[in-house]
Amino acid sequence: MTTGGRYRMVGMAVGVGTAFALTRTYLFDLAPIALVLATLLGALASEAVTPRPGRGRGTASLVPRRVRDYAPRREVVVVALLGVGIMLFAGFPTPERPDHEVKYFGTAAPVSLTSTLITLGVTAALTIVIVWLIVRAPQAGADEADAAADNTWRHAAIRRTVYTCTAVFAIVFTTLAFWYADRQWDWRAGGSPAWGLALSLLAGLGLIIFGGYAGALVMAPHRLPGAVTGAASHIGADGVAG
């Protein structure tokens, strides 16, 4: 595990743990914010210690780099599907708060997923901005070797950024699926065990997605699988920009 991977692991662990703790308190709405902030801090610390090509004199090209040539398409689709799933959850009545207020006091503050949706929207928007900035950043160096190294780093940095966003969406989707599934398993309160099973399976799928991307971020070196694929084909046309 690299040093950057350790920072990412700590960030995600602190984020998930803090978010879980907050859902058991009256600060329920701050849980997604804590998750994203801790994960983001871990990612920033990781990038600060991740090697990148030496910065030389920037060069320019008549052919600009394009975001769609660098952004991993599969992960973009996965994030979109997870986002749709989360919005579908938000469209149904939420279960009782998991802090057991109803059990002890008979009433509880209303539950809303508004802060979750806003936080994820900001996360997606911030990811898009970061990816665009990486794509449009001036190239390091002027010769072919420097251009290749710079382009390889650019692919890897964008992939790490998108992987982080995907992991955040996946853990939120997983949490909501388990939460709604728990309500459906209570058939005495009008739930449906069939829906409970379906939601549990969806939660398991979300957990696999989270584990896959989080594991890639934590265990892989600074060049994630696929980061170099296609790099050579972009060096001449997309390797530099003004």
Under the Karplus curve 6.51 cos²θ - 1.76 cosθ + 1.60, θ = phi - 60°, whole-Hz ³J(HN,Hα) for segment 73-86, x wherever Gly or Pro sits: 5, 4, 5, 4, 5, 4, 4, 4, 5, 5, x, 4, x, 5
Residue-wise HN-Hα coupling along segment 121-134, computed from phi with Karplus coefficients 6.51, -1.76, 1.60 (Hz; x: Gly, Pro): x, 5, 4, 5, 5, 5, 4, 4, 5, 4, 4, 4, 5, 5
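Here, each number is a calculation from the coordinates, and none is a lab measurement. In this text the structure is predicted, and so the values were computed from the model without any measurement.
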